[in-house]
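The values are calculated or read from the model by the stated rules, or taken from the named source; none is laboratory data. As the structure is a prediction and not an experimental result, all values here were calculated from the model. Cβ placement follows ideal geometry from the backbone for every residue including glycine, while neighbour counts extend to all protein chains displayed.
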Amino acid sequence: MASNVRNQSEKIKFADSHIAPLSQIHTGGNAEFLSRPSTLDQLEAVVSFAQREGLDLTVLGGLSNSLVSDSGIDGVAIHTACLNEMHTQGNLLIAQCGASMDELIDYAIENGLGGLERLGGLPGTVGGAVYGNSGAHGLYTAHHLYWVDYLDEEANLVRLRAHRESFSYRHSPFWGRSNMIIYEVAFLLEPIVHTNEARQQKEQFKGQRRAKGQYLHPSIGCIFRNPDGQSAGQIIDALGLKGTSIGGAMIAPGHANFIINTEGTATSADVKALIDLVKETVAEKTGIMLEEEIRYLGAW
Ligand SMILES: Cc1cc2nc3c(=O)[nH]c(=O)nc-3n(C[C@H](O)[C@H](O)[C@H](O)COP(=O)(O)OP(=O)(O)OC[C@H]3O[C@@H](n4cnc5c(N)ncnc54)[C@H](O)[C@@H]3O)c2cc1C
């Protein structure tokens with residue numbers, strides 16, 4: 001079936017399908033078809049192809065908040081890394097979905113636009129940050145979001161005017177929707193005169209992450225959402241679970257809401273088993289049902 005479908009599609013180039021090297025936690029199997037479009041035309045062709053062939057579509061951004069199944073991803077996986085252009089238009093900063101959030105903030109400052117500094121050092125892409133309304137230090141991606149252009153399930157390009165109230169903690173109107181892809185977004189930012197100050201602020205926020213050891217080991221960031229008014233990390237820490245490991249996956253000794261791939265030997269199944277262990281232990285000891293912030297991609 002795979003080579004059959006491959007032959008039917010002349011417009012689409014499929015890439016090497018190994019996902020683990022793309023994943024920030026270095027785990028996960030292969031994609032049936034992995035595509036890395038670099039233009040809107042190519043992206044539309046891939047989405048139409050998946051729709052025509054009745055194949056599932058999975059979007060891979062920076063894979064810094066997703067766990068990909070060891071058995072891989074069926075259907076078409078779109079890796080957005082080559083859709084990474086950005087430009088400014090007045091106070092609007094317009095970026096394609098695969099642009100790195102950290103580089104986007106630098107670019108904004110270079111172009112005299114500020115407001116995103118508190119997200120300095122956030123791993124991953126613009127598309128992933130919008131999808132999960134990623135945030136740090138009280139600032140969420142949606143705060144400065146102006147519009148989002150996305151391809152819907154029928155490959156139509158649709159513009160969503162971003163209203164802050166339709167986004168919430170780690171949640172966006174795109175959350176849970178399948179077979180669509182955020183293509184390009186605009187942030188409405190503030191003009192800044194003192195770009196050096198903004199650059200320093202951004203680097204300070206990034207430095208805080210470095211000082212906490214966030215970049216030391218492969219991980220996918222916080223595994224669990226914070227329950228109302230509480231910190232998931234503190235709950236897990238209080239139960240003495242830091243350092244617990246299954247296979248090559250370990251609850252980070254420095255941050256109980258992170259799971260790290262200590263020696264590079266972990267599988268996604270190890271990570272999932274550790275997640276299940278934490279959920280069960282927390283539920284049993286505290287009655288709190290932790291919910292994942294991360295997304296599971298592929299067949300689980
Ligand atoms: C060291 C570290 C620190 C982190 N710190 C933070 C933090 O402070 N705050 C925070 O919120 N998160 C944090 N994270 C988690 C993660 O970096 C963010 O959530 C990030 O914004 C995810 O972006 P991504 O491109 O990696 O998304 P991915 O993991 O690739 O994707 C996440 C979800 O978005 C979907 N998606 C991605 N791109 C698109 C698109 N173009 N269209 C449609 N759907 C798409 C995917 O299908 C998936 O369901 C951290 C992670 C790490 C490893």
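Candidates R6, R52: the one that is touching a strand residue (DSSP E or B) at 6+ places or on another chain (Cβ under 9 Å), away from the ligand (no atom under 13 Å from the Cβ), of a type in the set (K, R) and modelled with pLDDT under 95 is R6.
The sole residue among K272, K242, K279 that is among the basic types (K, R), more than 15 Å from Q24 (Cβ to Cβ) and outside any helix (DSSP H, G or I) is K242. For the range 174-202, the set of residues classified as charged (D, E, K, R) and surrounded by fewer than 16 Cβ atoms within 10 Å (Cβ to Cβ) consists of R177, E190, E197, listed by residue number.
How about the range 209-232: which of its residues are assigned to a helix (DSSP H, G or I) and either without any contact (Cβ under 8 Å) to a residue 24 or more places away in the chain or away from the ligand (no atom under 12 Å from the Cβ) (or both)? Result: A211, A232. The residues listed here are S38, S64; of these, the one that is near the ligand (Cβ under 10 Å from one of its atoms), outside any strand (DSSP E or B) and not acidic (D, E) is S64.
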